[in-house]
Structure formats: C-alpha cells, structure tokens
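The values are calculated or read from the model by the stated rules, or taken from the named source; none is laboratory data. All values reported here derive from a predicted model rather than from experimental measurement. Cβ placement follows ideal geometry from the backbone for every residue including glycine, while neighbour counts extend to all protein chains displayed. In case anyone asks, the SASA skips ligands and DNA or RNA and just uses the protein heavy atoms, side chains included. Shrake-Rupley method; radii C 1.70, N 1.55, O 1.52, S 1.80 Å.
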Amino acid sequence: MDPNHKKSHSLLSFRAKIIAAFSVFMITNIVFGATFYYLFHRLDSWNSHIKTMYTQVQTYTKLEDYTDNIQNIIEELATNPKVDRTHDIQENISGLRDAANEVMVLNEEEKKDVEQVKTATVTFIETTNAAIDTVKTKGVKARDILDTTFFPAQDKYSVLVRTNIARENKEFQAIYDGYMVEFTKTHPFSIALIIVMYIVTFFLTFFFATRVTQPIDKITEVIKKIKEGDLNARIPSEGFDEIGQLASGFNTMVENLQQSYAKMEQTVNQKTGELEEKVKSAELQNSTLEETKRAMLNLLEDARLSEEKVKVQAEELQKALSETERLAHIANQERNTYLLLISSIGEGVVVLDLDKKITIVNHVTEQIMGYTAEEMIGKSFFDLFAFLHRDKKPVEERFWDEAFSAKQAVVLPSDISVQTKDKTLIPVAEVVSPIVDKETQESKGVIITFRDVREERALEDARISFISVASHQLRTPLTSMRWFSEMLIGGDAGDISEEQRHFVERIYQGTDRMIALVNLLLQIARVEAGRVRIEPAPVDMKTTTSGVLLTLKTMLDQKKQTIEIHTDPDPFPTIPMDQEVIWQVVQNLISNAIRYSPENSTINVNIKKTDNYAEYTVEDHGIGIPKDQQNRIFEKFFRAENALKMVPEGSGLGMSLVKLLVEGWNGKIWFESEEGKGTTFHFTIPLSGMEAREGEVKLTV
Amino acid sequence: MDTTKTILVVEDEVALQEAIRTKMEKEGVSYMAASTAEEALVKIQEKIPDLIWLDLLMPGMGGFALLQKLRDTPDYKAIPVVIVSVSASAEKIRRAFELNVVDYLVKSQYKLEDIVNKMKSLLTFTGPAVN
C-alpha cells in the first residue's frame with residue numbers, strides 16, 4: 001500500500017486519534033483546573049472566614065482575660081492597698097483597650113453589639129481607673145465603695161463579654177459546620193467526577209499512547225530481530241493509518257534490505273573469497289619472504305662459518321701437506337719393502353689391475369715364464385700367459401672372473417700348465433686372489449701366485465700310475481686265488497674235512513674282499529688322476545636305482561629288507577649323466593644302507609626336485625654313525641667303530657669314491673645320522689646334468 | 001665221429017689256465033690253451049675249436065685285436081667266443097658284443113664253476129663250428 005495515498009482525512013487517521021485523545025486530555029485538564037481553582041477559592045474564602053472568626057473570638061477572649069486580671073488586681077488592691085500594681089493595671093487596661101479596638105464588625109447584625117462592647121469597654125476602663133483612684137485614696141476602706149461601684153460594673157462587663165464570646169463561638173461553630181458540610185458532602189462528588197474523568201482520560205491516553213508505542217515497540221522488536229540478523233522479521237499489519245503505513249513501509253524496506261543484503265552477501269562472499277585468496281597468497285608471499293629472509297640469514301651465517309672453516313682448513317692443509325710429505329716418504333720406504341718381499345717370495349707373483357693388465361711381477365715369474373719384467377708389465381695378462389688343461393684345452397677365463405669380482409680366491413684346476421715364452425708347457429699350481437679395498441669392499445684387481453709343480457705332478461702321476469698298475473697286477477692273482485679256493489671247496493682236489501673247508505672259505509672270503517678293495521682303489525686312482533671320461537646320456541634315476549637293486553637282490557632277500565623308491569615329481573625328468581658314474585654312486589649308497597641295517601628293516605630312496613637340482617636321498621634305519629666320527633666318513637679307509645663290528649669286510653673306500661664322484665659333477669653330498677637310529681645320505685645333481693669330459697678311460701675297471 | 005667238444009682258452013695267467021683245464025677236463029672237454037693272442041691264432045689254424053674262452057688283458061696283440069681278426073677271417077667268423085675278463089668296463093662289453101661275442105663274463109662276479117657250466121651248456125647246444 002502506497003503510504004502516501006491515504007491522508008489524514010480518514011476518520012481512522014492516527015493523527016486524528018492523537019488529537020482527539022489530546023483534546024480530551026486538555027479539556028479534562030481545564031475542567032479539572034477550573035474545578036480545583038473554584039474549590040481552592042472556596043476553601044480560601046472559608047479559610048479566611050474561619051480565620052476572621054477565630055480572631056474575633058480570640059479578641060473577645062482577650063477582653064475576658066484582661067477583665068479577669070483587672071478584677072483580680074483590684075481585688076488584691078482592695079485587700080492590700082499598699083501593693084504597687086500600677087504597672088500591671090496599666091498593662092491590662094491598655095490591653096483591654098487594644099483588644100476592644102480590635103473587635104471587628106463582621107456583619108451588619110453585629111454592628112450594634114460591637115458598638116455596645118466598645119462602649120462598655122470604655123466605660124469599664126473608666127470604672128477601673130476610678131477604682132484605682134478610690135483605692136489610692138481610701139485604701140482599705142475603698143472596698144466598700146468598690147463593692148458598690150467597680151465590682152458590679154466589672155461583673156456586668158464580664159457578662160457582656162462572655163455573651164459576645166458565646167455568640168461569636170456559636171457563629172464560628174456555624175461557619176465551621178457549614179464548611180465541613182460543603183467540603184465533606186458537596187465537593188467530594190465533583191472531585192470524584194473529576195477523578196473519573198481523569199481515569200477515563202488516562203486510559204484513553206494510555207490507549208492512544210499504546211497505539212503509538214505498540215507499533216513502535218513492534219517496529220523496535222523487528223528492528224532488533226533484523227539487527228540480530230533475522231531479515232525475515234516483518235511488522236504485522238497495523239491497519240491503514242500512519243502507523244500501518246509506517247509498518248508496511250518498514251516491511252517493504254526490510255524486504256528490499258533483505259534482497260540487497262542477499263546480493264551483498266553474495267558479493268561479499270565472492271569478494272571475501274577473492275580476498276582470502278589474496279590474503280593467502282599474500283601470506284604465502286610473506287612466508288616465502290620470511291623463509292627467504294631466514295635462508296639468507298642462514299647463508300650469511302654459513303658464509304661466515306665457511307670463511308672461518310676455510311681459514312682453519314688452510315692451516316690444517318699446511319699441516320697435512322707436511323704430514324703427507326712425511327708419510328709419502330714412509331710409504332715409499334714401505335713400498336720398497338713390499339716390493340722386496342714380493343721379489344723374495346719363492347713362488348711366482350703377478351698382480352693384475354681391473355683391466356687384467358700386469359702391474360707387478362716378481363723374479364720367480366720371470367724365471368718360470370722366461371719373460372723379463374719389462375716385457376710383462378703393462379701387457380694384458382692373457383696375451384702373455386696361456387693356461388692349458390691336461391688335455392691341451394685352454395683354461396676358461398671364467399676361473400679368473402670370480403676373483404676379479406672380488407668374491408673369493410680361486411684355486412685353478414690341478415691339471416693346468418702354462419705356456420712359457422719358448423712354448424714349453426710347465427705344470428703349475430695357481431691361486432688367484434682378489435685385491436679388495438678394505439673400506440669399500442670393491443675389487444681393485446687380483447694377485448696371482450703360481451709355482452712350478454713339475455716334480456709334484458710327476459710324483460702324483462707316478463703314484464697314480466703305480467696304483468693303476470698295481471691294482472691291475474693284483475687282480476689276476478686274486479682271480480687265481482679265488483678260483484682255486486672255490487675248487488678246493490668244491491672238492492675238485494678231493495674231499496676235504498669240515499675244518500679244511502672252513503679255512504679255505506676264509507681264504508675265499510679274503511680274496512673277495514681284496515678284489516673289491518683293488519677295484520675301488522683303481523677307480524679312485526683314475527678319478528684323482530683326472531683320467532676318467534664322462535659321457536653323459538639321459539638317465540632315469542628311478543630306472544637306474546631299480547637296476548642297482550637287481551644286482552643287490554641277493555643281499556636284500558637274505559636280510560628280508562624292503563626298499564621303497566619315491567620320486568617327486570613322478571615321473572622324474574631324465575638328467576644327462578654318465579651311466580657308470582651314477583651307477584657307482586647309487587650302488588655304494590644303497591649297498592651301505594643294506595649292509596648296515598638290521599633284518600626286516602626298510603630303506604627309503606627319495607628323489608626330489610629342488611630349484612635347479614635333483615636331490616637323491618637314501619634313508620636307512622640302521623646302526624647310524626656316531627657323532628664323534630661323523631666328520632671322518634669320507635676319509636680313505638676310515639671305518640666307524642660300529643660299522644667295523646657289523647661289517648668287518650668293508651674297505652672304507654666306498655664313501656671317498658662317492659664323494660669324489662659327486663663333487664666331480666659339482667654336486668653336494670651330506671648326511672644326517674644318529675647312532676642306533678639310522679642314517680640318511682643326500683647328494684645333489686644339477687638338473688643340467690654332468691658335463692662331458694675327455695679321458696683315457698671310463699670309471700668302470 | 002668225434003663228438004668231444006674242444007675249447008680254446010686264451011689266458012695269459014698260467015695259474016688260471018691250470019684251474020680251468022682241471023675243470024674242463026673233468027667235464028670231458030678237449031682243452032686247447034694259448035697264453036697270447038698270437039699263440040691262439042696259431043692254435044686255431046691247427047684246429048678250429050668249438051668255443052673260445054678269451055681273456056682281454058694280454059700282452060701283445062690283445063684280446064680285441066684277436067677278436068677282430070677272427071671276424072675278419074671267413075673261416076673263423078662263426079667260432080663262438082665268450083670273453084672272460086677282470087674288467088667290467090661297459091666300453092669293453094659294448095665293443096665285445098659289437099664283435100659278436102656270445103657272452104661277456106666278469107671274472108670277479110662268477111665262480112669258476114659257474115663259468116665252466118656256462119661253457120658246457122654253450123658247447124652242448126652249438127654244433128661244430130666247421131661248416
């Protein structure tokens with residue numbers, strides 16, 4: 001609603017209401033004022049009237065009092081004329097006189113009475129004066145005169161006064177009563193009326209005031225709410241008068257305000273966001289600045305410290321320099337000492353760097369190789385030194401690689417020779433050791449020591465060939481002994497006694513033992529001499545094991561033992577192996593298991609695949625190997641005590657041969673054993689099998 | 001007709017010859033002996049045996065050379081040969097069977113009795129080697 005539309009022409013106009021209320025209020029005030037003024041006036045007039053009356057009565061009372069006093073004095077004078085009461089008499093007389101003058105004429109009716117009193121008073125005063133004179137002249141005798149003149153006159157005067165007093169009192173009482181009547185009966189009514197009017201006006205005014213204040217309160221409330229943020233607050237409709245217009249105008253304003261506010265909020269938020277961003281980036285910049293500042297301070301500090309350090313370091317450098325000189329001198333001396341030592345070593349020493357070039361050689365090397373040191377130093381090692389196997393094949397460089405990679409020292413195969421300057425082959429025993437930096441653990445090269453082993457080699461060869469020849473030579477007589485013993489036992493030379501048979505059986509057994517021993521010795525000799533040819537062919541482990549078991553069948557049946565073979569996986573893949581070699585290993589292990597196990601026991605053969613290996617296991621429940629003798633099992637001719645008792649005819653060579661063979665194909669052999677419980681032997685074969693090898697003979701003798 | 005079988009034992013160890021001869025003659029087999037491969041050839045030329053007992057380790061030509069020679073000679077090709085040797089070498093065994101030996105016996109694995117019995121049964125079941 002357009003607030004400008006309706007004007008105060010409406011009867012409901014608020015202004016009109018206010019004016020009306022105010023008018024009523026004013027009228028009431030005027031009426032009330034007028035009434036009170038009238039009443040006040042009335043009161044005032046009553047008041048003055050009463051006051052006048054009172055004064056009148058007081059005056060008359062004064063007359064009475066003075067009269068009484070005069071009487072008393074005269075009385076006294078009459079009795080005692082000598083007393084001087086002149087002063088008192090004069091005082092009372094003037095008093096009387098004054099009082100009489102003070103008597104007012106209040107109305108026409110009293111005029112006569114007042115005149116009378118005034119006259120009477122004058123008379124009395126004359127009488128009194130006369131009395132005084134009488135007393136003065138007559139003294140005591142005055143009494144008689146006074147009794148006839150003064151006292152009756154005084155008596156009469158007193159009565160007159162008293163009568164006037166009575167009359168005035170009565171009038172006074174009447175006025176007072178009239179006053180009381182007016183002010184207790186008549187006027188209260190009008191007072192009450194006025195009061196009622198006031199009350200009405202009060203309520204009316206109050207109402208209109210509220211009509212003003214209420215909306216204003218509401219507005220204030222709403223404003224308060226709005227202040228608090230509730231922009232949805234509105235002033236409820238107040239009608240169409242100004243207040244109503246104000247209210248609706250206010251609402252509209254709030255509405256607009258709300259909208260603007262919403263828009264503003266949006267803008268504010270947006271701006272706030274932007275601002276925050278700016279603040280953040282500013283903060284960031286600030287912190288970056290701070291950091292930069294800090295960094296710069298640090299740098300400055302560091303620079304300062306560095307400067308100091310540099311000074312200190314310069315000093316230290318000086319010291320170090322002189323120290324270095326001193327140490328260099330010592331090092332040089334030490335170097336010379338080492339070179340001297342190297343030169344003095346009885347073996348050939350060659351030091352190679354990581355490029356496999358010769359850096360140091362000693363005198364023995366010169367002697368063996370036939371080159372001078374100058375000819376060797378700086379050259380590539382493999383250009384000058386050619387190493388060959390017994391079979392004239394060159395020794396693979398990989399033997400040296402392990403040493404170069406700083407892993408471990410390498411002992412080269414025992415059959416190698418080196419070609420000297422004039423192409424002679426000299427058998428050598430050679431060890432290549434890595435030179436490792438103690439701190440970094442890196443390889444810095446290798447140091448090779450080697451020596452001429454011609455004599456040793458020859459000795460070894462002689463030994464081996466001796467064993468071969470001897471073994472061969474032994475076999476024929478052994479066969480002869482065996483057969484003849486057999487014939488004796490068989491009775492081919494005639495009957496023999498039981499005792500003779502027993503003796504010859506001992507001989508027969510003895511020859512058998514020796515044959516077995518000689519065969520083993522021969523095989524061992526061949527393997528150690530490196531003369532055994534390896535011809536790998538695909539071998540099925542299970543089949544080989546079964547084959548071996550066939551040859552041992554008699555023993556098995558005799559001891560009523562069972563053997564179980566398991567492979568994992570099944571079927572087990574074939575492995576390239578030399579048939580004779582694997583046969584020898586398997587036969588040795590299984591025949592041992594049988595021999596050292598009691599009757600009725602079980603032997604388990606397990607073949608399993610592990611990583612790149614096949615692991616062959618022979619498990620028996622036999623006498624086991626005592627712990628204190630386990631480390632000697634692979635020694636030549638070693639027999640454990642318990643084994644010796646159970647199988648006296650054993651040679652003690654089987655296990656050494658097995659170890660030689662297994663390690664010959666880069667396998668591992670080990671065992672677990674507990675005395676009285678049993679033994680389990682394990683050996684491994686790489687799944688790639690045995691490597692082919694040249695040789696003069698096969699393993700089987 | 002002379003039904004007695006003849007065996008030629010080629011063995012350089014005299015003691016063993018003695019033992020074998022004793023056994024063979026007990027079995028009623030005619031016995032020829034040679035200590036070397038050369039000697040064996042001479043003996044074969046004199047008389048073709050029904051069976052040859054051949055040792056390998058001999059001085060001179062050696063067992064395999066003799067065997068080869070026999071196989072190369074048409075007249076001697078069909079003579080059954082049993083090798084009796086100390087060696088159990090698979091190499092030797094293979095080579096021997098390539099040269100058509102009837103059997104290969106390792107001395108240490110057999111009692112003399114058993115070898116003799118084997119020879120006997122072979123002699124019984126083979127006809128004369130002469131065509």
For segment A:392-466, list the strands (runs of 3 or more DSSP E) that sit wholly inside it and hold at least 3 residues that are open to solvent by 50 Å² or more (accessible area, probe 1.4 Å), modelled with pLDDT under 80 and over 30 Å from A:Leu522 (Cβ atoms); which are they?
none
I need the full set of residues from segment B:1-15 which are open to solvent by 50 Å² or more (accessible area, probe 1.4 Å) and within 14 Å of another protein chain (Cβ to nearest Cβ), in order please.
B:Asp12, B:Glu13, B:Val14
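So that you can scan it fast, the table gives a plain yes or no per residue for (1) part of a helix (DSSP H, G or I); (2) within 24 Å of A:Ile50 (Cβ to Cβ); (3) of a type outside the set (Gly, Ala, Ser):
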{"site": "A:Gln71", "(1), (2), (3)": "yes, no, yes"}
{"site": "A:Arg97", "(1), (2), (3)": "yes, no, yes"}
{"site": "A:Met104", "(1), (2), (3)": "no, yes, yes"}
{"site": "A:Lys111", "(1), (2), (3)": "yes, yes, yes"}
{"site": "A:Thr137", "(1), (2), (3)": "yes, no, yes"}
Hey, A:Ala100 among the aliphatic types (A, V, I, L, M) and either under 60 Å from the mean Cα position of the chain (by Cα) or farther than 30 Å from A:Asp133 by Cβ (or both) or not
no
So A:Gln509, is it surrounded by 16 or more Cβ atoms within 10 Å (Cβ to Cβ), touching a residue at least 40 places away in the same chain (Cβ under 8 Å), in a helix (DSSP H, G or I) and within 14 Å of another protein chain (Cβ to nearest Cβ):
no
Single residue of A:Val581, A:Val586 found to be under 19 Å from A:Leu699 (Cα atoms), within 14 Å of another protein chain (Cβ to nearest Cβ) and open to solvent by less than 30 Å² (accessible area, probe 1.4 Å)
A:Val581
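Yes/no per residue for (1) at pLDDT 85 or above; (2) open to solvent by 20 Å² or more (accessible area, probe 1.4 Å):
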position	(1), (2)
A:Val105	no, yes
A:Thr163	yes, yes
A:Thr186	no, yes
A:Ser190	no, yes
A:Tyr198	no, yes
A:Thr201	no, no
Matching entry among B:Val101, B:Val42 (being away from every other protein chain (no Cβ under 14 Å), open to solvent by 70 Å² or more (accessible area, probe 1.4 Å) and either free of Cβ contacts under 8 Å to residues at least 40 places away in the same chain or assigned to a loop (DSSP other than H, G, I, E, B) (or both))
B:Val42
Just give me the residues in segment B:79-98 being more than 17 Å from A:Val581 (Cα to Cα) and either of a type in the set (Asp, Glu) or in contact with a helix residue (DSSP H, G or I) (Cβ under 9 Å, 6 or more places away or on another chain) (or both), in sequence order.
B:Ile79, B:Pro80, B:Val81, B:Val82, B:Ile83, B:Val84, B:Ser85, B:Val86, B:Arg95, B:Ala96, B:Glu98
Looking for something open to solvent by 40 Å² or more (accessible area, probe 1.4 Å) and closer than 20 Å to A:Leu660 by Cα - is there at least one such residue anywhere in segment A:562-578?
yes
Are there any pairs, at least 6 apart or on different chains, whose C-beta atoms fall under 8 Å, with the first in segment B:16-30 and away from chain A (no Cβ under 11 Å) and the second polar (S, T, N, Q), and if so, which?
B:Gly28/B:Thr4; B:Val29/B:Thr4; B:Val29/B:Thr6; B:Ser30/B:Thr4; B:Ser30/B:Thr6
Wholly inside segment A:596-699, strands (runs of 3 or more DSSP E) that include 3 or more residues that are open to solvent by 60 Å² or more (accessible area, probe 1.4 Å) and at pLDDT 90 or above are A:669-674
Going residue by residue through segment A:532-539, is there one that turns out to be within 30 Å of A:Ser343 (Cα to Cα) and either of a type in the set (Ser, Thr, Tyr) or away from chain B (no Cβ under 14 Å) (or both)?
no
Can you confirm whether A:Gln473 is assigned to a loop (DSSP other than H, G, I, E, B), of a type in the set (S, T, N, Q) and at pLDDT below 85?
no
Hey, B:Ala96 surrounded by 15 or more Cβ atoms within 10 Å (Cβ to Cβ), hydrophobic (A, V, I, L, M, F, W, C) and either within 12 Å of another protein chain (Cβ to nearest Cβ) or assigned to a loop (DSSP other than H, G, I, E, B) (or both) or not
no
Tabulated pairs, segment A:449-474, first without any contact (Cβ under 8 Å) to a residue 40 or more places away in the chain and away from chain B (no Cβ under 14 Å), second surrounded by 18 or more Cβ atoms within 10 Å (Cβ to Cβ) and assigned to a helix (DSSP H, G or I), C-beta under 7 angstrom, 6+ apart or interchain:
none
Within segment A:73-85, restricting to residues that are in a helix (DSSP H, G or I) and touching a residue at least 12 places away in the same chain (Cβ under 8 Å), the one that is nearest to A:Glu126 (Cα to Cα) is A:Ile74
Whether any residue in segment A:513-527 is in contact (Cβ under 8 Å) with a residue 60 or more places away in the chain, more than 20 Å from A:Leu660 (Cα to Cα) and not in a loop (DSSP other than H, G, I, E, B) is what I want to check.
yes
So which residues in segment A:515-550 are open to solvent by 60 Å² or more (accessible area, probe 1.4 Å) and modelled with pLDDT of 90 or more?
A:Glu535, A:Pro538, A:Lys542, A:Thr543, A:Leu550
Given the structure, is B:Glu91 free of Cβ contacts under 8 Å to residues at least 12 places away in the same chain, out of contact with any strand residue (DSSP E or B) (no Cβ under 7 Å at 6 or more places or on another chain), within 14 Å of chain A (Cβ to nearest Cβ) and more than 21 Å from A:Leu474 (Cβ to Cβ)?
yes
Sort out which residues of segment A:219-262 are closer than 22 Å to A:Ala209 by Cα, open to solvent by 80 Å² or more (accessible area, probe 1.4 Å) and either touching a strand residue (DSSP E or B) at 6+ places or on another chain (Cβ under 7 Å) or not in a helix (DSSP H, G or I) (or both), and write them in order of number.
A:Ser237, A:Phe240
Unique match (being charged (D, E, K, R), crowded, with 20+ Cβ neighbours inside 10 Å and part of a helix (DSSP H, G or I)) among A:Glu64, A:Glu168
A:Glu168
For A:Gln500, are the conditions met, namely being in contact (Cβ under 8 Å) with a residue 60 or more places away in the chain, away from chain B (no Cβ under 11 Å) and open to solvent by 40 Å² or more (accessible area, probe 1.4 Å)?
no
Going through (1) under 25 Å from A:Asn519 (Cβ atoms); (2) surrounded by 18 or more Cβ atoms within 10 Å (Cβ to Cβ); (3) in contact (Cβ under 8 Å) with a residue 40 or more places away in the chain; (4) within 14 Å of another protein chain (Cβ to nearest Cβ) one by one, B:Ser85 fails only at (3)
Can you tell me which condition A:Ala328 does not meet? The list is (1) within 24 Å of A:Val453 (Cα to Cα); (2) open to solvent by 40 Å² or more (accessible area, probe 1.4 Å), and all the others hold.
(1)
Filter segment A:377-391 for residues that are outside any loop (DSSP other than H, G, I, E, B) and touching a residue at least 24 places away in the same chain (Cβ under 8 Å) and give the result.
A:Ser380, A:Phe381, A:Phe382, A:Leu384, A:Ala386, A:Phe387, A:Leu388
